[in-house]
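FYI, it's all coordinate maths here, none of it is from the lab. Just so it is clear, the structure is predicted and the values come from calculations on it, not from any experiment. Counting neighbours? That spans all protein chains shown, and the Cβs are built from the backbone with ideal geometry, glycine included.
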Amino acid sequence: MAAPRPLCLLWVRGLALLWGCAGVGLAQLTATASPAPAHACSEFSQRSCEECLKNVSCLWCYTNNTCIDYPVRSILPPSSLCALSNARWGVCWINFEALIIAIAVVAGLILVSVTVCCCYCCYCRKRSRSTPDEEEEQLARKREERRLQSLQRKHERKLKHDEIRKKYGLLQDSDNPYSRFENE
């Protein structure tokens, strides 16, 4: 039974930090959460909640100011043992109802944020895969159109230059382009 104590201490400290117990201080938390000598929890009945909860295996019930062994076989103490609104474990300033609500809210927020992140990432990945393909096709079409227009303009320029050469008699034979140019 000695092995679960460090986990319980970390859990209690984490809860205290989660609930903004900065004023209490870590030294006080360490002092209150340190393991008490192995006494039976019933010895702390009719004393204070703080004394009872020094032993992490004890549960304090405010209805009749009793310190009882925590029912480890069930996650939550049964209502026949102590009502959840009056049961304290770990720290005296929070009851089980508030603890359950807080844990449910935090777990819900984590679950919702993970779901939102996964959906967002999947949507972005899907969008990034499909959009570049379409964009690349558009760019390739435009590039091809510009290339064809450039070739057409080049052909038109060549025709104009050939007309000018023909007009002035500078057009060479296409059969023998290296023939000697004779001046008449």
Exercise. Give me Val91, Val106 ranked fewest to most by other Cβ atoms within 10 Å of their Cβ, as a rough exposure proxy.
Key: Val106, Val91
Quiz item: How big is the Rg/Rh ratio for segment 51-174, C-alpha atoms only, Rh by Kirkwood, two decimals?
Solution: 1.82
Quiz item: For segment 75-126, which chymotrypsin sites (Phe, Trp or Tyr not before Pro) are both in a DSSP coil and crowded by at most 15 other Cβ atoms within 10 Å?
Solution: Trp93
